[in-house]
Amino acid sequence: METESLWASGPDGFPVACPYGHLLGPGRVLVGWRPCRCSPATGGHRTYSCRACQALSDQRQTTCHQPPCTVPRKP
Ligand SMILES: [Zn+2]
Ligand SMILES: [Zn+2]
């Protein structure tokens, strides 16, 4: 399931809710970094992962990339 475009972002670009409706905030979101070739200027993406989704299922990868990734992901 492609959920990248379903994240609700606040005015500062920080996601405020995951695609499954979990509200995000301090302690509710894991902020990370993923190197990527689509962004030579910055070298990658800031990633935001919903901790509520991770707690529900190890299979559910609910991660938002900022800026959005333009490289098609391999199946
Ligand atoms: Zn969630
Ligand atoms: Zn990318």
Which ones in the range 31-46 are away from ligand 1 (no atom under 16 Å from the Cβ) and of a type in the set (A, V, I, L, M, F, W, C)? Trp33, Cys36, Cys38, Ala41
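Assess whether Pro19 counts as being touching a helix residue (DSSP H, G or I) at 6+ places or on another chain (Cβ under 7 Å), closer than 22 Å to Val71 by Cα and in a loop (DSSP other than H, G, I, E, B). Explain how you work it out, then say what you get.
Details: touching a helix residue (DSSP H, G or I) at 6+ places or on another chain (Cβ under 7 Å): yes; closer than 22 Å to Val71 by Cα: yes; in a loop (DSSP other than H, G, I, E, B): yes.
So Pro19 passes the test.
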Here is a list of conditions, (1) within 16 Å of ligand 2 (Cβ to nearest atom); (2) in a helix (DSSP H, G or I), and Ala55 meets all of them except one; can you say which number that is? (1)
Within the range 7-41, tally of residues that are in contact with a Cys (Cβ under 9 Å, 6 or more places away or on another chain) and not small (Gly, Ala, Ser): 13
When every residue in the range 55-72 that is under 14 Å from Gly32 (Cβ atoms) and more than 8 Å from ligand 1 (Cβ to nearest atom) is compared, the one surrounded by the most Cβ atoms within 10 Å (Cβ to Cβ) is Cys64
Within the range 24-52, track down each residue that is surrounded by 10 or more Cβ atoms within 10 Å (Cβ to Cβ), touching a helix residue (DSSP H, G or I) at 6+ places or on another chain (Cβ under 9 Å) and part of a loop (DSSP other than H, G, I, E, B). Leu24, Arg28
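Laboratory data are not the source of any read-out in this text; all were calculated from the coordinates shown. Treat the numbers as computed from the prediction; the structure is a model and nothing was measured. Every residue, glycine among them, receives a Cβ derived from its backbone with ideal geometry; neighbour counts consider all protein chains shown.
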